[in-house]
Number of protein chains: 2
Amino acid sequence: MAVYTDITDDELAALLADFDLGAPLSFKGIAEGVSNSNFLLETEGGRFILTVYEQRVDEADLPFFLALMRWLSEHGFASGQPMADRNGEMLKRVRGKPCAIVSFLPGLSVRRPTVAHCREAGAGLAALHNAADGFPMRRANDLGQPAWAPMFAGLKDDAERLKPGLSKTIDGDIAHLAAAWPKDLPEGVIHADYFPDNVFFRNGRFAGAIDFYFACTDMRAYDVAVALNAWCFETDGSFNITAARALVAGYEAARPLSDAERHALPVLAHGAALRFFLTRLQDWGATPEGALVRPKDPLEYERKLAVHRSSPDLVLFGTPA
Amino acid sequence: MAVYTDITDDELAALLADFDLGAPLSFKGIAEGVSNSNFLLETEGGRFILTVYEQRVDEADLPFFLALMRWLSEHGFASGQPMADRNGEMLKRVRGKPCAIVSFLPGLSVRRPTVAHCREAGAGLAALHNAADGFPMRRANDLGQPAWAPMFAGLKDDAERLKPGLSKTIDGDIAHLAAAWPKDLPEGVIHADYFPDNVFFRNGRFAGAIDFYFACTDMRAYDVAVALNAWCFETDGSFNITAARALVAGYEAARPLSDAERHALPVLAHGAALRFFLTRLQDWGATPEGALVRPKDPLEYERKLAVHRSSPDLVLFGTPA
């Protein structure tokens, strides 16, 4: 939730001069996204989000993200559509920083998803995967399984500070996942950050997804696993099997999983919990004491890890329905 | 620039249930206003700003502000119009805090006003004063001339810390203004915070004003004086007489000033500079070292005070045109 970059009316006018979007009518910084500055921009041509990319996003990845968003919106998936300027450029600069103007996507995210929301979210994720079929670019998942051991090597002291003894437990997770990680599941473009705040609903139905700045090429079932962690845990830390079944059923209604994908979901969810634990631990360790912006709690994902560790098979499927 | 209060989808739904605005379509925190939390809300019924009033605003004043905004919008002045719920209530509560839903006012504020903007701003301020004619409620200006001596009594150490010797100079301003302050000028509702970031333009023409949370009953010419300070100084600290004449001419085209009002403008501008110096000094003194949010610079208004002090007559009118 932040606006880091301040854009003046003159800078906005200079940026818009390259586009055919008409004169600006309204321009407001919005509290959305943690890595970028976002502005709601209304022009005579419509409503848009202007995103200014801050240091956390690697500029070399932006052409992939923007081309993907463009592809998805042209293939029937509701996401923001990046606007091209008169030279066909989607990636622009303002105040020396990279930026893009993306069509405004209406919709409301939900704070506490119901089982019905989980079913819709699963259906939306399958629609995203289906729309991404044939997208020609690739981007490696730099937060995928091979990255976890080197990431954690620099975070062991932070893990001990968070909870004494945790370092050894996480080493165990990393070793287990290295051995058990699936190899031959179908790959494609995945969202990789399909959390409730990135998914919009309208009147209870899936209405689109935003924030493709972790999107990459990886196993599609891993995206389902990320979503199961993000959508199907209760605030008390328990896993809601009914919600998980609904999410998977919603997904399978539009894109059936193979047996191999379905059986890999528990280990994929274990790995997905580790991935978010590690980046949260990184942010937590890097935040000075007393900082005004509190990082997301790594312990939330440590508790999810514990669930996956202790019930590796049961968790996602429960007893047969 | 802040969003202090976090509103969940359930809390928003509960609030909207009291209104006839239809279902919510989109909801985003916006970086606008320093004392309140503001959200851009789109429903089936239109676009609105939801403002949640934080501690800095006295709840007892809110009925005045909301009734004034309603009055202005019903009398042809472009400001946000507060929405009434089914019981006719404009002042509502969410998360235990007072809040209001106000119609969205499109428009862009300007960072560096040109002379043409100053003329339009003056015309807009006169339109505001004319539209407010007959508004039946009163609110004393709690930051007006009688308040300055008691305010400064608690800020002398801060003034010395800001600039050694300043305390005595400000005491001199306060004494001079107490003696010279005009008494019988026409009163009415004034905006009292008519700064460029509260004024919207569309294609270079005045398009409306927002943020009426300092509005009160006081001399209308004092509002012109506040605006002269806010709009007509260059970034190098010099006063732009051409801009000032344009602002006053824009104002007088819609509401001529009396001779008494016109001749009072220099002392009113001196007082208005002191008022903003004092509140900025207060915020500056109350901000801990190293805080992430930097308060507005009190020295900017100290420099404006110096201009008014040194050229009490020249400043606003210059040599006859």
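Taking segment A:14-39 only, how many residues are small (Gly, Ala, Ser) and crowded, with 17+ Cβ neighbours inside 10 Å?
Qualifying residue count, segment A:14-39: 5.
In segment B:41-53, how many are in contact with a helix residue (DSSP H, G or I) (Cβ under 8 Å, 6 or more places away or on another chain) and within 11 Å of chain A (Cβ to nearest Cβ)?
Total satisfying the criteria: 2.
Could you please find all residues in segment A:29-40 being within 15 Å of B:Glu42 (Cβ to Cβ) and either in contact with a Ser or Thr (Cβ under 8 Å, 6 or more places away or on another chain) or more than 9 Å from every other protein chain (Cβ to nearest Cβ) (or both)? Explain how you work it out, then say what you get.
Our first condition is that a residue be within 15 Å of B:Glu42 (Cβ to Cβ); within segment A:29-40, this holds for A:30, A:32, A:40.
A:Leu40, the sole residue that qualifies.
Considering each residue of segment B:29-48, count those that are outside any loop (DSSP other than H, G, I, E, B) and among the acidic types (Asp, Glu), and give that number.
Kept after step one, since they are outside any loop (DSSP other than H, G, I, E, B), are these residues of segment B:29-48: B:29-30, B:36-43, B:46-48.
Next cut, among the acidic types (Asp, Glu) only: B:42.
Adding up the residues that qualify gives 1.
Count, please, the residues in segment A:111-122 that happen to be surrounded by fewer than 22 Cβ atoms within 10 Å (Cβ to Cβ) and closer than 16 Å to A:Asp193 by Cα.
The qualifying residues number 1.
Could you tell me whether A:Leu316 is crowded, with 17+ Cβ neighbours inside 10 Å and either in a loop (DSSP other than H, G, I, E, B) or at pLDDT below 95 (or both)? Spell out the reasoning first.
Values: crowded, with 17+ Cβ neighbours inside 10 Å: yes; either in a loop (DSSP other than H, G, I, E, B) or at pLDDT below 95 (or both): yes.
For A:Leu316, the condition - crowded, with 17+ Cβ neighbours inside 10 Å and either in a loop (DSSP other than H, G, I, E, B) or at pLDDT below 95 (or both) - is met.
Output the qualifying pairs, or none if there are none: Cβ atoms under 7 angstrom, residues six or more apart or on different chains, first residue in segment B:17-28 and more than 7 Å from chain A (Cβ to nearest Cβ) and in a loop (DSSP other than H, G, I, E, B), second residue surrounded by 19 or more Cβ atoms within 10 Å (Cβ to Cβ) and of a type outside the set (D, E, K, R).
Listed pairs, sorted by first residue: B:Phe19/B:Met83; B:Phe19/B:Ile101; B:Leu21/B:Thr43; B:Leu21/B:Met83; B:Gly22/B:Thr43.
Quick test of your reading of the structure: A:Asp10 fulfils all but one of (1) surrounded by fewer than 17 Cβ atoms within 10 Å (Cβ to Cβ); (2) more than 9 Å from chain B (Cβ to nearest Cβ); (3) part of a helix (DSSP H, G or I). Name the failing condition by number.
Every listed condition holds for A:Asp10 apart from (2).
Quick one: would you say B:Arg56 is within 13 Å of chain A (Cβ to nearest Cβ) and of a type in the set (D, E, K, R)?
Details: within 13 Å of chain A (Cβ to nearest Cβ): no; of a type in the set (D, E, K, R): yes.
Answer is no for this residue.
Identify, from the list A:Arg86, A:Arg95, A:Arg112, A:Arg70, the residue that is of a type outside the set (Gly, Ala, Ser), within 14 Å of chain B (Cβ to nearest Cβ) and under 23 Å from A:Gly22 (Cα atoms). Even if it seems obvious, please write down each step before you answer.
Numbers: A:Arg86 fails: within 14 Å of chain B (Cβ to nearest Cβ); A:Arg112 fails: under 23 Å from A:Gly22 (Cα atoms); A:Arg70 fails: within 14 Å of chain B (Cβ to nearest Cβ).
The conditions single out A:Arg95.
Is there any pair with a first residue in segment A:55-78 that is in contact (Cβ under 8 Å) with a residue 60 or more places away in the chain and a second that is basic (Lys, Arg) and not in a helix (DSSP H, G or I) whose Cβ atoms are under 9 Å apart and which are 6 or more apart or on different chains, and what are they?
A:Asp61/A:Arg139; A:Phe64/A:Arg138; A:Phe64/A:Arg139; A:Phe65/A:Arg139; A:Leu68/A:Arg139
So is B:Glu42 surrounded by 19 or more Cβ atoms within 10 Å (Cβ to Cβ) and among the charged types (D, E, K, R) or not?
It is true that B:Glu42 is surrounded by 19 or more Cβ atoms within 10 Å (Cβ to Cβ) and among the charged types (D, E, K, R).
Please specify each residue of segment B:49-83 satisfying the condition of being assigned to a strand (DSSP E or B) and touching a Ser or Thr at 6+ places or on another chain (Cβ under 6 Å).
Kept after step one, since they are assigned to a strand (DSSP E or B), are these residues of segment B:49-83: B:49-53, B:82.
The one that is assigned to a strand (DSSP E or B) and touching a Ser or Thr at 6+ places or on another chain (Cβ under 6 Å): B:Val52.
The values are calculated or read from the model by the stated rules, or taken from the named source; none is laboratory data. Everything quoted here is computed from the prediction, not taken from an experiment. Quick reminder, even Gly has a Cβ in these numbers, built from the backbone with ideal geometry, and neighbours come from all protein chains shown.
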